[in-house]
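Only one structure is covered here, and it is reproduced in the block below.
Just so it is clear, none of the values below were taken in a lab; they were calculated from the coordinates. Computed from a predicted structure; not experimentally measured. A quick note on method: Cβ atoms are made from the backbone with ideal geometry, for glycine too, and the neighbour counts reach across all protein chains shown.
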Amino acid sequence: MDIKSATFVGSAADYKKCPETPLPEYAFIGRSNVGKSSLINMLTNRNGLAKTSSTPGKTQVINHFMINNQWYLVDLPGYGWAKVGQAQREKFNLMIREYIQKRPNLQCVFVLVDSRHEPQKIDVEFIEWLGNAQIPFAIIFTKADKQTKTRTLANVATYNKQLKKTWAELPQEFITSSDERTGRDEVLGYIENLRLQ
Ligand code: GDP
């Protein structure tokens, strides 16, 4: 897919304030620092389109970007800030879960995980929640350039072993590096296929 245009549309504090639109949308989420902004900038070929991590404690919002006047890319706030309190964490979880469950044009949630790490509880729990809620999702393993390909594949295998404890079928998975610009065609091709279905 060629990215001909990518523009910031707006920020919303909850799903009710997201743009009213019949266009399909695809959301990206993951722990803070997982490489989400870098991935969005790589996918859209726009440096600085998605801003790198906001500071913990700041208002966290749902950002909409219009791509090719055909679909929305949605940047969901990063989860897992160690320093925010319980009340703020719950408010934040509710905002994300409501958006994911109630947004009618949401076609897929891309969950980003760092390809260097063992499965983290917060990610595994979030993925389980998505599966139980029957939300279509895919997993993106980020920062693959930071280690050998063998190491990345071994970590993906470990991840899959963990997922198979709960699910008979594995989700669609991608391995990406924003620094080396790998995995871009695969993710964009997947979005294009979903959009044309
Ligand atoms: P976000 O908090 O999830 O939006 O993460 P960012 O995109 O801001 O990335 C966090 C840090 O990881 C930054 O220092 C990035 O330069 C770095 N980073 C992100 N993606 C990659 C990648 O694919 N390869 C490498 N080597 N570094 C990356």
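When a/c reaches 1.5 or more, the comparison of a/b and b/c decides; with that in mind, is the range 141-197 rounded, prolate or oblate per its Cα gyration tensor?
Numbers: a/c = 3.70, a/b = 1.07, b/c = 3.47.
The shape class here is oblate.
How much length is gained if the chain between residue 116 and residue 17 is pulled fully straight, taking 0.36 nm per residue apart and subtracting their Cα-Cα distance, in nm to one decimal? Display every interim value, and only then the final one.
Values: separation 99, 0.36 × 99 = 35.64 nm, distance 3.58 nm.
Roughly 32.1 nm would be gained on extension.
Return the long-range amide H neighbours of residue 137 (sequence gap of 5 or more, or a different chain), with a cut-off of under 5 Å between placed amide H atoms.
109
Does the range 1-110 come out rounded, prolate or oblate, given a ≥ b ≥ c as the square roots of the eigenvalues of its C-alpha gyration tensor, rounded meaning a/c under 1.5 and, failing that, prolate meaning a/b above b/c?
Details: a/c = 2.17, a/b = 1.35, b/c = 1.61.
Judged from the Cα gyration tensor, the range 1-110 comes out oblate (a/c at least 1.5, b/c at or above a/b).
Give a residue-ordered list of calculated ³J(HN,Hα) values for the range 60-72 (Karplus: 6.51 cos²θ - 1.76 cosθ + 1.60, θ = phi - 60°; whole Hz; x for Gly, Pro).
10, 10, 9, 9, 9, 10, 8, 10, 6, 6, 10, 8, 9
Counting alpha carbon pairs within less than 8 Å and at least 6 residues apart, what relative contact order, in whole percent, applies to the chain?
It rounds to 24 percent for the chain.
If the chain between residue 94 and residue 196 were fully stretched, how many nm would it gain, using 0.36 nm times the residue separation less the Cα-Cα distance?
Between residue 94 and residue 196, full extension yields an extra 33.6 nm.
Select from 64, 138, 95 the residue farthest towards the positive end of the dipole of the range 6-196; place +1 on Cβ of Lys and Arg, -1 on Cβ of Asp and Glu, and compute about the Cα centre.
The listed residue farthest towards the positive side: 95.
Ignoring solvent entirely, what values of log10 I(q)/I(0) come out of the Debye formula for the chain at 0.13, 0.14, 0.16 Å⁻¹ when each Cα is a single scatterer?
Relative scattering, expressed as log10 I(q)/I(0), comes to -0.67, -0.79, -1.07.
So what is the 222 nm mean residue ellipticity for the chain from helices alone, if each DSSP H run of at least 4 adds -39500 (n - 2.57) and you divide by all residues, rounding to the nearest 500 deg cm²/dmol?
Dividing the helical sum by the residues of the chain leaves -11000 deg cm²/dmol.
Quick one: grab the alpha carbon gyration tensor of the range 111-150, order the square roots of its eigenvalues as a ≥ b ≥ c, and give me rounded if a/c is under 1.5, else prolate or oblate depending on whether a/b is larger than b/c.
Because a/c hits 1.5 or more and a/b exceeds b/c, the range 111-150 counts as prolate.
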